[in-house]
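Below is one structure, written out as structure tokens; the observations come after it.
The values are calculated or read from the model by the stated rules, or taken from the named source; none is laboratory data. What you see is a predicted model, and the numbers here were worked out from it, not measured in a lab. Note that we place each Cβ from the backbone using ideal geometry, even for glycine, and neighbour counts take in every protein chain shown.
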Amino acid sequence: MTIALHSYKVDDDGKITVRHTFYAATEEEAEELMDEHADGCRAYGPAIEDGDTIEIFEEIDAPPDAEALATVADAQESEEDDEEDAEDGTIGGEA
């Protein structure tokens, strides 16, 4: 099993627009990853320090697979390119 630590940054207006997720073998390791990231992130670090985040732990089977995610991202990009081509009347990006 893997732990996914979801940390939601609460904006000044009370809305959530950003979520960070940290994957690790234990809750403690996930918290360490979160703290390390906060130390180097100018937007997220102050939110952690000010208590403007909400953390939720989730037990998952495995962290996301990078190759599978890249495949999905490539497919989405291809779909977006096709939609843009349809809007401007080009085929395959050719004018």
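Rundown of residues vs (1) modelled with pLDDT of 95 or more; (2) in the same structural domain as Gly14 (by TED's automatic domain parsing), yes/no style:
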residue	(1), (2)
Glu27	yes, yes
Glu36	yes, yes
Asp39	yes, yes
Ala43	no, yes
Gly51	yes, yes
Glu58	yes, yes
Asp74	no, no
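May I ask you to list the residues in region 6-62 that are surrounded by 11 or more Cβ atoms within 10 Å (Cβ to Cβ), polar (S, T, N, Q) and outside any loop (DSSP other than H, G, I, E, B)? Those that are surrounded by 11 or more Cβ atoms within 10 Å (Cβ to Cβ), polar (S, T, N, Q) and outside any loop (DSSP other than H, G, I, E, B): Ser7, Thr21, Thr53.
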